[in-house]
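As structure tokens, the structure follows; a few thoughts come after it.
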Amino acid sequence: MNKAPWKIKLGASLAAIWMRTLRIRVHSPADFRPGVLGLWHQDLLASTAAFKDRGVHILVSESDDGEFFAEAAQKLGYTITRGSDTHGATNVRHILKALKAGTFVGMALDGPHGPDHQVKPGSVWLSKSSDTPLWIFEFKYGMHFKLKSWDKFIIPLPLSTIDLEIKYLLTEQIQPK
């Protein structure tokens, strides 16, 4: 039973509708297969729009912002686990099961609090523990604006077109912070 306040539910419903208007063109490698979908926190909205209704299992922060995002993502067909890899691996282990079962899982590489564009250990651990690839997203946005936040959060305008290029990230070359 979901006990989110009605304001969060309403806002999340509107955000989900908004994300459904985004036109995402996905460019993936020929060997693209289930693994860890690694995104930068700033690209959260576009990433969520790109993989809607595909049964992806995601890790969402337990913060108030996370509550809002979890509600919106659930409306877009995501399976949600609340938690963070910065508070121990317990929550990350919950999505490991889904990954080993052949499901895509997703998480912000730079976590819920940054610093931006610095890989945290959870995604690397998941990839290595499940022997699955770690994919990274690179976006080219159409009409959008950026917030003046730690992550420079990007908000694409409704109906805008976004190109997403998915690349394999070599976990051996990453030094998690």
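Could you say which residue among Gly122, Gly111 is at pLDDT below 95, among the small types (Gly, Ala, Ser), buried (at least 21 other Cβ atoms within 10 Å of the Cβ) and closer than 29 Å to Trp18 by Cα?
Unique residue meeting the criteria: Gly111.
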| Search result, residues across the range 34-61 that are open to solvent by 10 Å² or more (accessible area, probe 1.4 Å), in contact with a Ser or Thr (Cβ under 9 Å, 6 or more places away or on another chain), without any contact (Cβ under 8 Å) to a residue 60 or more places away in the chain and not in a strand (DSSP E or B) | Gly55, Ser61
| request: Only residues that are touching a Ser or Thr at 6+ places or on another chain (Cβ under 9 Å) and among the polar types (S, T, N, Q): list them for the range 15-33, please. | output: Thr21
| query | Does Val105 fit the bill of being touching a residue at least 40 places away in the same chain (Cβ under 8 Å) and within 23 Å of Thr161 (Cα to Cα)? | reply | no
| field | Criterion (assigned to a helix (DSSP H, G or I), open to solvent by 70 Å² or more (accessible area, probe 1.4 Å) and not polar (S, T, N, Q)) met by exactly one of Ile17, Ile8 | value | Ile17
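The values are calculated or read from the model by the stated rules, or taken from the named source; none is laboratory data. Every value quoted in this text rests on a predicted model; they were computed, and no experiment measured them. Quick reminder, even Gly has a Cβ in these numbers, built from the backbone with ideal geometry, and neighbours come from all protein chains shown. These area figures cover heavy atoms from the full protein model, side chains too; ligands, DNA and RNA do not enter into them. Shrake-Rupley method; radii C 1.70, N 1.55, O 1.52, S 1.80 Å.
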